[in-house]
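Down below is the structure, laid out as structure tokens.
The values are calculated or read from the model by the stated rules, or taken from the named source; none is laboratory data. Treat the numbers as computed from the prediction; the structure is a model and nothing was measured. Note that each Cβ is placed from the backbone with ideal geometry, even for glycine, and that neighbours are counted across all protein chains shown. Please note that ligands, DNA and RNA were not included when accessible areas were found on the heavy atoms of the full protein model with its side chains. Shrake-Rupley method; radii C 1.70, N 1.55, O 1.52, S 1.80 Å.
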Amino acid sequence: MEHLKNLFDLTKLPAKFFFLFAVISGFILFADNTILEKVQLDKLNETYDWIVGLVFITSSGLVIVNFIIWLFKYIRTQFKIQKIKNSFKERLKNLDLHEQSVIREFLINQQTSIEMPIDDPVVSGLLKKRILVINKQLGNGFMMTGSYTSVSINEYAEKYLNLSDIGLSEKPTEEEINEVNNNRPKWVNKWNY
């Protein structure tokens with residue numbers, strides 16, 4: 001009984017089928033008789049015109065409903081994506097001094113990937129905020145040396161990150177450079193970066 005019910009469950013059919021039925025039944029209903037005679041569908045239209053009309057109306061209605069549902073889902077998804085992007089940009093603008101110092105390490109070392117201790121509270125916080133990402137080295141896995149692993153700045157974060165977000169100016173003064181060097185993360189000294 002369950003198989004019979006699944007056979008007639010129209011919600012499981014893709015919208016492409018309904019679109020195909022709408023096009024074919026619309027062609028049979030609205031095409032010129034000479035065209036229908038050439039494809040030998042003129043008798044079908046004369047005999048079953050009410051069924052063809054019903055198929056056209058039903059399938060067209062289902063296509064329109066599916067399109068409206070898809071459109072609402074698409075718009076809702078775009079709003080969610082924009083909300084996430086705005087939230088992410090806000091996180092980048094509100095980095096604390098410790099988070100800024102970790103991100104500055106990429107500039108100081110002039111590298112896109114650095115080994116960092118992921119058990120460090122600041123690094124793990126940046127990972128949780130998705131500003132930093134762990135580099136996948138083996139398919140979906142990654143390698144660690146102790147608690148150190150290779151991390152990079154999220155490419156979306158890198159796109160919107162400004163020097164002012166990490167406490168730097170376009171042309172840093174000698175005082176700013178000394179300030180940056182004196183306020184590097186504690187784990188940097190262990191590895192002599």
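So the values come out like this:
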quantity	calculated
Whole-Hz couplings from phi, Karplus 6.51/-1.76/1.60, listed for the stretch 72-77; x for Gly and Pro	5, 5, 4, 5, 4, 5
For Glu99, solvent-accessible area (1.4 Å; no DNA, RNA or ligand), Å²	20 Å²
Integer Hz, Karplus 6.51/-1.76/1.60 couplings in order for the stretch 79-96, x for Gly and Pro	5, 5, 4, 5, 5, 5, 4, 5, 5, 5, 4, 5, 4, 5, 7, 10, 6, 7
Heavy atoms of Ile84: accessible area, 1.4 Å probe, square angstrom to 10	110 Å²
Local electrostatic count, Asn183, Cβ distance below 13 Å [Lys/Arg +1, Asp/Glu -1]	-3
Difference of contour (0.36 nm per residue) and Cα-Cα distance, Ile57 to Leu71	3.0 nm
Estimated vicinal HN-Hα couplings, Hz - the stretch 157-165 in sequence order (Karplus 6.51, -1.76, 1.60; Gly, Pro = x)	5, 4, 5, 9, 7, 9, 4, 5, 5
Solvent-accessible surface ranking, highest first, for Lys73, Lys85 at 1.4 angstrom	Lys73, Lys85
